[in-house]
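Engineer: This is the structure I want to talk about, given as structure tokens.
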Amino acid sequence: AVFVGRIVEEVHSRVARIDIIVLQQVVRVPVDQQECVALGTLVDPSPRQTNTLRRIAPTLAVTDIERSIAFYRDRLDMVDAFRNGHPTRFAIMKRDGQQLHLELAPEHRPPSTNACHLLVDDAQKLHDRLVADRTPIVSAIRDTDDGRRTFIFTDPDGNRIDVASVLGPRADAR
């Protein structure tokens, strides 16, 4: 096909689409089925997915797995959902459909970067609870320019956990 004109992006009733003007006829293509025009050839902008990604779960290295299970259970109200090994060398903690994996690593040294990120409904509430429980806070609670309230705490092994909540009506957007 010969493309005459331009590609116009629209957002209509929360449904984005692209109008491609082809020989003065408008063809409407939903964005999720969108194909890009490159040098007159239709090209798929992303590779075809053959598998659905079902979960990504952070795995934290810990030096004392029983202490870490107790920490995440008591501080974040997570459930001790799975253990592997005798003695335990791996555990899965769960809450609200989310998972945190713990793996025994006796020689673990904490990294200087954040180990994982938690998006919660109320960062202030979690912050206050952790402070009351004497959990180390390594970055004070603050509001960011992009509309989040955030802070960083460490677990008993020094793993840095970044916590945020969205301020305002778009709590699921970040």
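The values are calculated or read from the model by the stated rules, or taken from the named source; none is laboratory data. Computed from a predicted model, the values in this text were never measured in an experiment. Every residue, glycine as well, gets a Cβ built from its backbone with ideal geometry; the counts of neighbours run over all protein chains shown. These area figures cover heavy atoms from the full protein model, side chains too; ligands, DNA and RNA do not enter into them. Shrake-Rupley method; radii C 1.70, N 1.55, O 1.52, S 1.80 Å.
Engineer: When ligands, DNA and RNA are left out and all protein chains stay put, how many square angstrom of accessible area per residue does the stretch 106-159 have with a 1.4 Å probe?
Structural biologist: Result: 62 Å² of accessible area for each residue.
Engineer: Which ³J(HN,Hα) values in Hz, rounded to whole numbers, follow from the phi angles of the stretch 53-65 under the Karplus curve 6.51 cos²θ - 1.76 cosθ + 1.60, where θ = phi - 60° and Gly and Pro get x?
Structural biologist: Working through the residues one at a time gives 6, 9, 6, 10, 10, x, 10, 9, 7, 9, 8, 9, 5 Hz.
Engineer: What is the sum of charges around Pro136, taking Lys and Arg as +1, Asp and Glu as -1, for the other residues whose C-beta is under 10 Å from the C-beta of Pro136?
Structural biologist: Every neighbour counted, the sum reads +1.
Engineer: Continuing with this model, one more query. Kindly rank 134-142, 62-70 from highest to lowest mean number of other beta carbons found within 10 Å of each residue.
Structural biologist: 62-70, 134-142
Engineer: Grab the Cα-Cα distance for Ile137 and Arg109, subtract it from 0.36 nm times how many residues apart they are, and report the gain in nm with one decimal. Before the final figure, lay out each step's value.
Structural biologist: Working: separation 28, 0.36 × 28 = 10.08 nm, distance 1.82 nm.
Computed gain between Ile137 and Arg109 is 8.3 nm.
Engineer: Now for a different question. Per residue of the stretch 98-104, in order, report the coupling 6.51 cos²θ - 1.76 cosθ + 1.60 (Karplus, θ = phi - 60°) as ³J(HN,Hα) in whole Hz, putting x for Gly and Pro.
Structural biologist: Using θ = phi - 60°, the values come out as 9, 10, 10, 9, 10, 10, 5 Hz.
Engineer: Just to check I understand the Karplus step: with θ = phi - 60° and J = 6.51 cos²θ - 1.76 cosθ + 1.60, what whole-Hz values come out for the stretch 82-95, glycine and proline as x?
Structural biologist: For the stretch 82-95, the Karplus-derived couplings read 7, 9, 9, x, 9, x, 4, 10, 8, 9, 10, 9, 10, 6 Hz, x marking Gly and Pro.
Engineer: Amide H neighbours of Leu118 under 5 Å, counting only residues 5+ apart in sequence or on other chains, H built in-plane at 1.01 Å?
Structural biologist: Hits under the 5 Å cutoff: Asp162, Val163, Ala164.
Engineer: For Ser139, which sequence-distant residues (separation of 5 or more, or a different chain) have an amide H within less than 5 Å of its own amide H, given hydrogens modelled in the peptide plane?
Structural biologist: Under 5 Å from the amide H of Ser139 lie the amide H atoms of Ile152, each far enough along the sequence or on another chain.
Engineer: Of the listed peptides 117-130, 155-168, what is their order by residue-averaged count of other C-beta atoms within 10 Å, with the highest listed first?
Structural biologist: On the way: 117-130: 15.4, 155-168: 18.4.
Output ranking for 117-130, 155-168: 155-168, 117-130.
Engineer: How far is the Cα center of the stretch 112-174 from the Cα center of the stretch 63-85, in Å?
Structural biologist: 19 Å
Engineer: So how much slack lies between Arg73 and Lys125, counting 0.36 nm per residue of separation and subtracting their Cα-Cα distance, in nm?
Structural biologist: 17.1 nm
Engineer: Sticking with this structure for a sec: Could you list which residues have their amide H under 5 Å from that of Leu167, counting only those 5 or more apart in sequence or on another chain, with H placed in the peptide plane?
Structural biologist: Placed amide hydrogens put Arg148, Arg149 under 5 Å from Leu167.
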